[in-house]
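Throughout, read-outs are computed from the coordinates displayed, never taken from laboratory work. Everything quoted here is computed from the prediction, not taken from an experiment. Every residue, glycine among them, receives a Cβ derived from its backbone with ideal geometry; neighbour counts consider all protein chains shown.
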Amino acid sequence: MAGMVLFFPKSKRNVSITQAKDIMKALSDNVKKCAVTVSPDAEQVREINNAGFDILQVHGELSDEAYDACTIPIVKAFNVTDIESIEKYSHRDKVCGYVFDAAEYGSGKCFDWKLLDDIPRDGKMFILAGGLTPENVYDAVKRVNPDCVDVSSGVEKDDGIGKDRDKIFAFVNNARME
């Protein structure tokens, strides 16, 4: 999957719908295109639907109106402070998976993976995020056994601007070692 942050100008990773469409054109058809949002409203969800994304990733709140407007699968993100609200989403048919992240989204900080020990594996994708790097992803995969891992800041260049190709390759290789 390739994720693009939308409608969240506070993030240095934020892109416009137009930029996201250009990025998606450059990606292989084998790569799922994921719109990464924070508490999107129904109109933003409709824009995402129309842009050609395959998955909507939602951090923060997902209103009933936004949920109803969505025509693509949803991955609901939780941080360590709101994991207990997973039950609210576990029976929603459009929710195909969960992302488990650190207390502050996009911070690049790890959290105690033991917090996920009691999360039921209910057939939805179980995605681990939060402070993953090429150096710790092997241990994370071994400890948590997620379906997927999510990385952003952990593979950024040392100056924080853009992604580092070598870090990406090391991350993928280490995630697949198990």
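Of Lys33/Lys88; Lys21/Lys109; Lys94/Lys157; Lys88/Lys157; Lys21/Lys114, which sit over 32 Å apart, Cα to Cα?
Details: Lys33/Lys88 25 Å; Lys21/Lys109 29 Å; Lys94/Lys157 35 Å; Lys88/Lys157 37 Å; Lys21/Lys114 38 Å.
Violating the 32 Å Cα-Cα cut-off are Lys94/Lys157; Lys88/Lys157; Lys21/Lys114.
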Here the stretch 8-13 yields Karplus 3J(HN,Hα) values (6.51, -1.76, 1.60; θ = phi - 60°; whole Hz; Gly and Pro given as x) of 9, x, 5, 8, 5, 8
Would you order Asp54, Asp150, Asp166 from fewest to most other beta-carbon atoms within 10 Å of each residue's own beta-carbon?
Asp166, Asp54, Asp150
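First obtain the Kirkwood hydrodynamic radius of the chain from its Cα pairs, then insert it into the Stokes-Einstein equation at 20 °C and 1.002 mPa s, and state the resulting D in µm² per second as a whole number. Please list the in-between numbers first.
On the way: Rh = 16.6 Å.
Here the translational diffusion coefficient equals 129 µm²/s.
Using Cβ contacts closer than 10 Å as the measure, can you line up Thr71, Thr37, Thr133 from fewest to most? It would help to have the intermediate numbers written out before the result.
Working: Thr71 13, Thr37 23, Thr133 18.
Sorted ascending by nearby Cβ count, the order is Thr71, Thr133, Thr37.
Among Arg121, Arg143, rank each residue by its count of other Cβ atoms within 10 Å, from fewest to most, as a rough exposure measure. Don't skip to the answer; put the middle values down first.
Details: Arg121 8, Arg143 14.
Taking fewest neighbouring Cβ atoms as first place, the list is Arg121, Arg143.
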